[in-house]
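Every number in this text was worked out from the coordinates using simple rules, so none of it is lab data. In this text, all values refer to a predicted model and were calculated from it rather than measured experimentally. Virtual Cβ from ideal backbone geometry, glycine too; neighbours counted across all protein chains shown.
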């Protein structure tokens, strides 16, 4: 099964990449953009989707500083 | 006394760490794929870009065969020093609390930094005095130390915040100006600046880094008396 794992910086932790992107957009004329955050996407095929949470906890994300979201793509 | 200095694919400071350790004791390189620590009395996890820093710095190295042995060694009370990437590896291995995040300024930064010793009672700083300043170079992109408030309060109470950046020196934006931390037991220590690059007057005019290696030697040899 195809899975997407979305990994984001935890709320409240400084996200310098998100801030840099947020500052760059108005310079290109895009107004009204706020709350920009930059994370990672891991795509993978798995035989046992039930193992995905453990994969995230142990390797794919660092739960101390990142939130993850598992999306099964079918 | 013998130091074991780990070498991962992508390590780049293991030779300097080996040279620094050899100024105070014997030292040997330990290959990442080999789980034998070869009788080392203390371990150094060096700086660099282990396994290309893929995914997160230190995330893959944490699962190397040698690290399984280092985790057992640390759990038995053995001294483990993590420098820069080694600090990141020890945090990923949960041998140390917290995590290292991208510098607040988003830039790779290389500069001499002034550090203050907050705890001189431990195994890695017993050669220093409280409030002493150490001048040591730092060079990294991912050095912003982070831990949650509850963890920081517990670390503070237990004396685990061993080194902090002096006023105006916290270029990476670390929480509470933290530069180096130990575990609760005090036998595992990590810092972002590089003591192995400050062991000779030719290296930026400071030999302050030697105090860390010398403190480790005193700890190991004291334990054997």
Q: Residue by residue through the stretch A:8-18, note down the ones that are within 9 Å of chain B (Cβ to nearest Cβ) and part of a helix (DSSP H, G or I).
A: A:16, A:17
(Q) Among the residues of the stretch B:45-58, what is the count of those that are part of a loop (DSSP other than H, G, I, E, B) and surrounded by fewer than 22 Cβ atoms within 10 Å (Cβ to Cβ)? (A) 3
Q) In the stretch B:110-132, how many are loosely packed, with under 15 Cβ neighbours inside 10 Å and in contact (Cβ under 8 Å) with a residue 60 or more places away in the chain? A) 1
Q) Out of B:190, B:143, which single residue is closer than 22 Å to residue B:102 by Cβ, surrounded by 19 or more Cβ atoms within 10 Å (Cβ to Cβ), touching a strand residue (DSSP E or B) at 6+ places or on another chain (Cβ under 7 Å) and more than 14 Å from chain A (Cβ to nearest Cβ)? A) B:190
Q.
Please go through the stretch A:45-72 and give me each residue that is part of a loop (DSSP other than H, G, I, E, B), away from chain B (no Cβ under 14 Å) and out of contact with any strand residue (DSSP E or B) (no Cβ under 7 Å at 6 or more places or on another chain), ordered by number.
A. A:47, A:48
Q) Restricted to the stretch B:8-31, and to residues that are surrounded by fewer than 19 Cβ atoms within 10 Å (Cβ to Cβ) and without any contact (Cβ under 8 Å) to a residue 40 or more places away in the chain, which residue is nearest to residue B:94 (Cα to Cα)? A) B:31
Q) Can you tell me which of B:101, B:96 is more than 10 Å from chain A (Cβ to nearest Cβ), more than 19 Å from residue B:12 (Cα to Cα) and buried (at least 21 other Cβ atoms within 10 Å of the Cβ)? A) B:96
Q | Options A:5, A:42, A:21, A:33: the member that is free of Cβ contacts under 8 Å to residues at least 24 places away in the same chain and within 14 Å of chain B (Cβ to nearest Cβ) | A | A:21
(Q) Checking the structure you have, find out if any residue of the stretch B:78-91 is in contact with a helix residue (DSSP H, G or I) (Cβ under 6 Å, 6 or more places away or on another chain), under 16 Å from residue B:48 (Cα atoms), more than 12 Å from every other protein chain (Cβ to nearest Cβ) and part of a helix (DSSP H, G or I). (A) yes
Q: Look at residue B:106 and say whether it is within 14 Å of chain A (Cβ to nearest Cβ), over 17 Å from the mean Cα position of the chain (by Cα) and assigned to a loop (DSSP other than H, G, I, E, B).
A: yes
